[in-house]
Amino acid sequence: MTALDDVLAETDPAPARVRALLDAELERGAEQLRLPRSGIPEPVSVLVERGLRAALPVPATLRADPHEVDERAWLLVAAVVGALRHAGGGALTAGDLGGHLVLDAAASDTDAAELAVLAYEDLAVRIDRLRSRAVVVPSGTLSAAKDLRPPLGPAHPLRVAEAIAALGGNPADPAASAEHEEAVLARLAPHDAVARPHDDPVPARRVARRILQRLAGMGKWGGYHTEFSHLAKGFQGNDKRLAEDVGERLIEAGLLVEKNSVGQRHVFLNPRRAADVYALVDDGTVPNGLTLG
């Protein structure tokens with residue numbers, strides 16, 4: 001039991017005391033997430049208020065820059081997004097509470113916070129090297145959150161997580177991203193941009209642009225990654241074989257980063273090369289170090 005648990009067990013705790021302990025609990029959780037194993041002996045806490053507003057022990061800047069956290073911290077965020085959605089929440093907005101991320105998915109159901117706690121337990125249970133929990137806090141505790149607004153950009157991983165949850169999946173399960181890929185792309189991809197890479201007359205460049213467009217559309221910038229073998233999905237015949245070769249070239253050029261996961265090759269977009277990724281997708285500009293002729 002933490003000091004926050006003790007005060008929440010009181011009949012009418014002083015709001016200022018609750019807020020001070022809430023801040024301390026979020027700081028403790030942030031420190032825990034930087035360790036090789038998080039939540040030992042006490043689990044990392046996510047704080048949920050009635051009305052479906054949650055405070056998380058990750059930086060508020062994640063709403064603009066999804067590369068602010070590592071994979072384990074991101075999966076905690078994704079589980080919260082899923083829990084809010086599964087509890088009946090509406091459109092997601094993100095804000096700042098003392099430097100920590102706040103997610104709001106306004107719901108009128110008075111039991112929504114309790115439902116979100118139960119949903120979080122189911123969604124987060126398999127996150128590797130993390131013991132965590134969600135806790136209901138008194139109404140108004142998170143009211144000081146500021147600058148609530150939608151996540152920046154149509155392919156922000158928060159939007160991807162929200163879309164996966166809306167499709168009934170678990171956004172904290174990396175496999176769900178692949179399972180619901182086509183449906184998520186249909187929800188999030190800008191319709192006026194889809195056709196341009198398909199029309200590129202240079203085969204290798206066309207394939208590279210389509211691969212990067214798909215990965216960017218799914219928000220695969222590190223929080224979400226995909227098996228290398230999935231890069232060839234959607235291609236046929238010679239293009240399918242070409243996609244495997246192009247995938248290797250994208251890794252060698254540094255546009256994709258390789259990650260070994262349970263004996264499989266996984267890749268994600270290199271956030272430090274975002275400008276090069278979008279330039280290649282949008283207008284076919286090939287960066288130095290990548291050969292697609």
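Since every read-out is calculated from the coordinates, none of them should be taken as a lab result. Just so it is clear, the model here is predicted, and its values are computed rather than measured. Cβ atoms come from the backbone with ideal geometry, glycine included; neighbour counts cover every protein chain shown.
Given R₀ = 41 Å, what would the calculated FRET efficiency be for residue 35 paired with residue 279, taking r from the Cβ atoms and rounding to 0.05? Present the calculation step by step, with values, prior to reporting the outcome.
Details: r = 38 Å, r/R0 = 0.92.
Once rounded, the FRET efficiency stands at 0.60.
Relative to the longest principal axis of the chain, what angle (0 to 90°, nearest 10) does the C-alpha long axis of helix 274-283 take?
Long axis of 274-283 versus the principal axis of the chain: about 50 degrees.
Counting Lys and Arg as +1 and Asp and Glu as -1, what is the net charge of the other residues whose Cβ lies under 14 Å from the Cβ of residue 164? Please list the in-between numbers first.
Values: positive: 85, 159, 187, 220; negative: 162, 173, 179, 181, 182.
Once positives and negatives cancel, what remains is -1.
Measure nothing but the geometry: give the 0 to 90° angle between the long axis through the Cα atoms of 157-166 and the longest principal axis through the Cα atoms of the chain, rounded to 10°.
With both axes taken from Cα atoms, the answer is about 80 degrees.
Mind checking which of 79, 116, 232 has the largest fluctuation in a GNM of the chain, springs on alpha carbons under 10 Å?
So, out of 79, 116, 232, the one fluctuating most is 232.
For residue 135, enumerate residues with amide H under 5 Å from its amide H, sequence gap 5+ or separate chain, H modeled in the peptide plane.
46, 47, 48
Please compute the net charge surrounding residue 44, taking Lys and Arg as +1 and Asp and Glu as -1 over other residues with Cβ under 14 Å from its Cβ.
Neighbour charge sum, excluding residue 44 itself: -1.
Cβ under 9 Å from residue 290's Cβ, residue 290 left aside: what net charge do those residues give with Lys, Arg +1 and Asp, Glu -1? Please report the intermediate quantities before stating the final value.
On the way: positive: 249; negative: 252, 276.
Around residue 290, the surrounding residues sum to -1.
What value, in deg cm²/dmol to 500, does the helix sum -39500 (n - 2.57) over DSSP H runs of n ≥ 4 give at 222 nm once divided by the residues of the chain?
-12500 deg cm²/dmol
How many Å³ per residue does the convex hull of the Cα positions in the chain occupy? Numbers along the way, then the final one.
Values: hull volume 36.5 nm³, N = 293.
Enclosed volume per residue, from the Cα hull, is 125 Å³.
Quick check: the angle from helix 203-217's long axis to the longest principal axis of the chain, C-alpha only, nearest 10 degrees?
Between the helix axis and the principal axis of the chain, the angle is about 10 degrees.
What length, rounded to one decimal in nm, is gained on full extension from residue 71 through to residue 252, with 0.36 nm per residue of separation minus their alpha-carbon distance? Could you put the intermediate results ahead of the total?
Working: separation 181, 0.36 × 181 = 65.16 nm, distance 2.24 nm.
Between residue 71 and residue 252, full extension yields 62.9 nm more.
Using the Kirkwood radius over C-alpha pairs as Rh, can you work out the diffusion coefficient of the stretch 3-166 via Stokes-Einstein at 25 °C, viscosity 0.890 mPa s, in µm² per second? Don't skip to the end; give the middle numbers.
On the way: Rh = 15.5 Å.
Answer from the Stokes-Einstein relation: 159 µm²/s.
Using 0.36 nm per residue of separation minus the Cα-Cα distance, give me the extension gain between residue 233 and residue 106 in nm, one decimal.
On the way: separation 127, 0.36 × 127 = 45.72 nm, distance 3.69 nm.
Stretched fully, the residue 233-residue 106 segment lengthens by 42.0 nm.
Can you put 72, 37 in order, fewest other beta carbons within 10 Å first? List each step's numbers first, then the result.
On the way: 72 20, 37 11.
By the 10 Å Cβ count, ascending, the order reads 37, 72.
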